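What follows is a single structure, written as structure tokens, with notes after it.
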Amino acid sequence: MLSLFQRKRASVAAAPPPTPVTNPPKGLLRPEPAASLLATPRRQKLLEHIWQRTSLSRTQFTTLYRAPLERYAELVQQFPASESHHHAYPGGMLDHGLEIVAYSLKLRQSHLLPIGASPEDQAVQSEAWTAAVAYAALLHDIGKIAVDLHVKLVDGSTWHPWHGPLHQPYRFRYRDDREYRLHSAATGLLYHQLLDAHLLDWLSGYPALWGPLLYVLAGQYEHAGILGELVVQADRASVAQELGGDPARATAAPKHALQRKLLDGLRYLLKEELKLNQPEASDGWLTEDALWLVSKTVSDKLRAHLLSQGIDGIPANNTAVFNVLQDHGMLQPTSDGKAVWRATVTSTTGWTHSFSLLRLTPALIWDSGERPVPFAGSVEIGAASAESDAGTPAIPPTAVAKPAQESQEPPPWAGSSTATVSSPAAQPVLNVMEDMLAMVGLGDASGAGQDAEEIPGQVFDAPMPVTTTISLQPPVHMPASASSAVKPSGEHFVAWLKYGIAARQLIINDAKALVHTVSGTAYLVSPGVFQRYAQEHPKVSLLARHAGQQDWQWVQKRFEKLQLHRKQPSGLNIWTCEVTGPRKVRRLHGYLLEDAGGLFHDVPPNNPYLVLSEVAPENRSA
């Protein structure tokens, strides 16, 4: 299979290489190569994050991921992802594309695909499904550059994306007559620009995957099953992060969680009961960038609906409802951190009235393609009410939510000649990485500095998820030495470990992974990796009981006797790693192997979030 991706491939675009333009005419943008577009610190962080989600060698990652991402970058250049909604700044389309790929690959790791298939079939198809998730995420908005934008080149001709990447200085504007949902249908015009024939040949060999992927590329997410769901969830996460909300936290919450009940209740009310975008009195208004709901009316109806369903734990008053919605990132706060906005609504009929409103991100409520037509009037923001809790960090409000079909002048960046891609000044450069690391699950752990051998369950106090990631190797078969029928031993543990990594039953370099790559070698988290082995091999319990040890300790002692690990200069077995994340640091304890080549076909890059500490805890292992 690997040879398929190592063949020399023809360039996707038939056009000649771009001729560098040092000083484009005033008012035009210079097309940039992928290396320049992807060189910003934020985008390099995202690329590193995507790499870590795949656990591939450099060559494999370049073939399957880096090459399509570079083609995407050269195609979208400095286009925004939207005119006035999410990622509405120069280069926003590229940022959104990278973010949604990173989010989707993280979400994919929680699923064994295809659903319902045997473990053997899932192992065989693992590489293709993971790549398809990334491609579907990358392509989900690509149609916008074909139907939403009008692009003029320096020679006066019109550029269309099916011509290939831009090779001349250009300017662009949003089309006044664009249709909101058309971009999903336009994806089919452009996917061949990113995915070459070899990749499509490969993916088409998996019927269970090929059908859903074609539905996604056609914008028919309702027929795409889990593939469509992962893309929609990742899109919501990226959009919410950029707009200051957190729909990922709400949509990923367990069904029994209060925030999930509130969100489901809101979706039901908006579908069945609430009046939206009425020319006069209404329960709410949907503009291009926000959903505005009358605070008291909606809160009363939401509490009544949930109570009628026999749901317990519903807040007793409206202020408590506002606080819960705000605490879970479901409401966008005012500039002074309040939940309730004061705004004046004006319809096209001349009707106008002031209301106390809640502001939500539309992506929380509607899936892609289901969003209603925006309000034809305007919502003008005034002073904030004092009805809600002020604990949420403030974000700057939007002065006016513009009417849906209003003709607009080209955005300021359309006439700029700068080649620097940057987000608005108010947006922290690495916000997306902080949000993504929080999504990965980096958190504090108790007992830092103690011997891992004395604190079982310190880091991993819940069953480890069995996930799959990319591999271009042939299907992996369980060797006889790693079979569960063999008597447990140190050698059996190592064979099990090697098989689990190769078959992607043990993930690496993830927040809850039992194996990481550190200092060029493998790092085995203790006691987690030994606990996992003991859980899968019940025979260990009887052997450990006869030896007067805990299950995982018995496995650990057998592993140590093999002398495959690297000891510290002081002779200690256990090494400590610091895990750094946004505003958090925790520690892992484990073993460093002398040679990682026994576990990996190609040793993955070091986990960038783990740093080997010079001081290790006292080791009391025999």
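The values are calculated or read from the model by the stated rules, or taken from the named source; none is laboratory data. Keep in mind that what you see is a predicted model, and the values were worked out from it rather than measured. Don't worry about glycine lacking a Cβ; one is built from the backbone with ideal geometry, like all the others, and counts go over all protein chains shown.
Annotations
- Close Cβ contacts (under 8 Å, 6 or more residues apart or on different chains) running from residues in region 338-353 that are farther than 18 Å from Ser295 by Cα and touching a residue at least 60 places away in the same chain (Cβ under 8 Å) to residues that are among the charged types (D, E, K, R) and surrounded by fewer than 16 Cβ atoms within 10 Å (Cβ to Cβ) comprise Ser347/Glu280; Thr349/Glu280; Trp351/Glu280.
- Residue selected from region 291-313 under the condition of a type in the set (Val, Ile, Thr) and either out of contact with any strand residue (DSSP E or B) (no Cβ under 7 Å at 6 or more places or on another chain) or not in a helix (DSSP H, G or I) (or both), by the criterion modelled with the highest pLDDT: Val294
- Any hit, region 498-508, residues being assigned to a helix (DSSP H, G or I) and either among the β-branched types (Val, Ile, Thr) or closer than 25 Å to Arg586 by Cα (or both): yes
- Sole residue being part of a helix (DSSP H, G or I), farther than 25 Å from Ala67 by Cα and either modelled with pLDDT of 85 or more or of a type outside the set (Phe, Trp, Tyr) (or both), chosen from Leu199, Leu209, Leu274, Leu263: Leu263
- Tallying residues that are under 16 Å from Leu497 (Cα atoms) and in contact (Cβ under 8 Å) with a residue 12 or more places away in the chain within region 562-603 yields 16.
- Unique residue being under 21 Å from Gln109 (Cα atoms) and free of Cβ contacts under 8 Å to residues at least 40 places away in the same chain when the list is Ala522, Ala513, Ala547: Ala513
- Looking at Ala123, Ala137, just one residue is of a type in the set (Gly, Ala, Ser), surrounded by 18 or more Cβ atoms within 10 Å (Cβ to Cβ) and in contact with a helix residue (DSSP H, G or I) (Cβ under 8 Å, 6 or more places away or on another chain), and that residue is Ala137.
- Filter result (small (Gly, Ala, Ser) and either in contact with a Cys (Cβ under 6 Å, 6 or more places away or on another chain) or outside any loop (DSSP other than H, G, I, E, B) (or both)) within region 140-183: Ala146
- Checked against (1) more than 26 Å from Gly164 (Cβ to Cβ); (2) in contact (Cβ under 8 Å) with a residue 40 or more places away in the chain, Gly97 meets all criteria but (1).
- Condition met for Thr344 (among the β-branched types (Val, Ile, Thr), modelled with pLDDT of 80 or more and within 34 Å of the chain's Cα centre (by Cα)): no
- Unique residue being under 23 Å from the mean Cα position of the chain (by Cα) and buried (at least 20 other Cβ atoms within 10 Å of the Cβ) when the list is Leu166, Leu199, Leu203: Leu199
- Enumeration of residues in region 32-57 that are free of Cβ contacts under 8 Å to residues at least 40 places away in the same chain and in a helix (DSSP H, G or I): Ala35, Gln44
- Subset tally (residues that are over 14 Å from the mean Cα position of the chain (by Cα) and closer than 10 Å to Ala137 by Cβ) for region 86-114: 0
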